[in-house]
Structures are given as structure tokens and as C-alpha cells.
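Comments concern the structure below.
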Amino acid sequence: MDKKYNIARMLRKNSTIHEKRLWNIIKNRQFHNLRFKRQEPIGNYIVDFVCPEIKLVIEIDGGQHNEPQNIEYDKQRTKFLEDNGYKVIRFWNIDIYENINGVLEVIERFINK
């Protein structure tokens, strides 16, 4: 099996509490009857969540994403995904923890575009 699929499997097994919280809401077509996958490889990247039906990627970022090298990496990653037809939404961990309803509203806006 491809190395990135093994990494994705490991990431699914070791999800953060923030990823688990969002996953419990969007899994099993519970959210707008859309099928989301988690820790899914796309190209050379592994995204936190993706809905292939509408080409929507959801990323949940911790503080390490504020470091200069990670900011540049995230820009390149987002550009790759957008160049391949995906819409990308990014949330901070704190958003998931403190404002999950606001997060869901933002996701709904992207779904309804």
C-alpha cells in the first residue's frame, strides 16, 4: 500500500480532540446528507476532511500552522487543492472548541454556494 495511505490511517487512529469533535457531527451523512472522509490523501497531501461530492476540504489547524514555514506550506497546499477544483476552509482548533455552531454555519455557506 502507498506510504501516504499508511500515514492517513495512522492520522485517523490518532485524531486530535478537535478533529474528533467535528467528525462526530459530519460523519455517516449526518450533515446535509453529504459523505465526508477524514485524513484522506489528495495528490501528495493528506487533508483533514473532504467531501468528494462537492469537492470541499476542511482543515483544522493548531498553533503550529502560525509558524512561517507552515504558513508557506499551507499556502502551497491550498493552491494545489484549489487548482484541482477543491474549495478549502480552514478553522483554528479554538473555533472547533469554542464555536462549533459558527463553524457549522461557515461550512453550510460553502455547501450552499
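The values are calculated or read from the model by the stated rules, or taken from the named source; none is laboratory data. This structure is a prediction, so every number in the text was calculated from the model and none was measured. Neighbour counts are summed over all protein chains in view; Cβ atoms, including those assigned to glycine, are modelled from backbone coordinates with ideal geometry. Ligands, DNA and RNA are excluded from the accessible area calculation, which covers all protein heavy atoms including side chains. Shrake-Rupley method; radii C 1.70, N 1.55, O 1.52, S 1.80 Å.
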- Query: LYS4: which aspartates and glutamates have alpha carbons under 12 Å from its alpha carbon, excluding same-chain residues fewer than 8 sequence positions away?
  - Reply: GLU40
- Task: Only loop residues by DSSP count here, and only those with at most 14 other Cβ atoms within 10 Å; note down the trypsin sites (Lys or Arg not before Pro) in segment 27-101 that meet that.
- Result: ARG35
- Message: Quick check: pseudo-label points 7 Å beyond the Cα along Cα→Cβ at LEU34 and ASP74, how many nm apart are they?
- Response: 2.0 nm
- Message: Straight-line reach from LYS3: which lysines fall under 24 Å, measuring Cα to Cα and dropping same-chain residues less than 8 apart?
- Response: LYS13, LYS20, LYS37, LYS55, LYS75, LYS79
- Message: Which residue fluctuates most in the GNM of the chain (Cα springs below 10 Å): ASP61, ASP83, ASP48?
- Response: ASP83
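Keeping all protein chains in place, calculate the accessible area per residue for the chain (probe 1.4 angstrom), answer in Å².
Details: 6900 Å² over 113 residues.
Computed with neighbouring chains in place, this is 61 Å² per residue.
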